[in-house]
1. Say each of residue 64 and residue 14 gets a label point 7 Å from the Cα, pointing the same way as Cα to Cβ; how far apart are those two points in nm?
2. Which of 45, 85 has the fewest other C-beta atoms within 10 Å, and how do the rest follow up to the most?
3. Mind sorting 57, 108 by how few other Cβ atoms lie within 10 Å of their own Cβ, fewest first?
4. Which of 20, 112, 88 sits farthest toward the positive end of the charge dipole of the chain, with +1 on the Cβ of Lys and Arg and -1 on the Cβ of Asp and Glu?
5. How many nm is it between the label spots at residue 52 and residue 34, if each spot is 7 Å from the Cα in line with the beta carbon?
6. As I understand it, the dipole of segment 2-120 uses +1 on the Cβ of Lys and Arg and -1 on the Cβ of Asp and Glu, about the Cα centre. Which of 69, 43, 98 lies farthest toward its positive end?
7. Let me know the charge dipole size of segment 2-122 about its Cα centre in debye, to the nearest 20, where only the beta-carbon of Lys, Arg (+1) and Asp, Glu (-1) is charged.
8. Find the percent of Cα-Cα distances in segment 1-55 that exceed 18 Å, and round it to a whole number.
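Derivation of every value follows stated rules applied to the coordinates shown; laboratory data play no part. The structure presented is a predicted model; accordingly, all values stated were derived computationally and were not measured. With ideal geometry, Cβ positions are generated from the backbone for all residues, glycine too; neighbour counts draw on all protein chains shown.
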Amino acid sequence: MIAVAGALGALLAVAAGAFGAHGLRGQLDASALATWATAADYQMYHSLALLALGPGCARAARPRRHAGAALCFGAGIVLFSGSLYALALGAPRALGMVTPFGGALFLCGWVLVAVGAWRERG
């Protein structure tokens, strides 16, 4: 399921990137388009991480860290990228308070990946 979530996230990131580059050009100012692009980029990075975690989770001796990292990446995509997409489209600036929580979840996910890799090394 983790790899499926990663594939779907990557698909949506490509669609969002294309929509931002073509559908929103002329509709949003340069700053909003850059915010949109950042959201799509981080969604893609972490969707690819989910794709990489999927098979590792199935093979890991202790899959909890992989699953925890996947949960952090998924929730981070929703909070970080989701809030940036909304801000780019004109959501209230107060929504920007959510973005750092998504970023923190990304960091936590990477820590879990590193700890899992360290413990699984052989």
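1. 3.7 nm
2. Values: 45 16, 85 19.
Sorted ascending by nearby Cβ count, the order is 45, 85.
3. Numbers: 57 21, 108 17.
Starting with the residue having the fewest Cβ neighbours, the order is 108, 57.
4. It is 112.
5. Going by the 7 Å Cα→Cβ label model, 2.7 nm.
6. The Cα lying farthest towards the positive end belongs to 69.
7. Roughly 480 debye for segment 2-122.
8. It works out to 36 percent of all Cα pairs.
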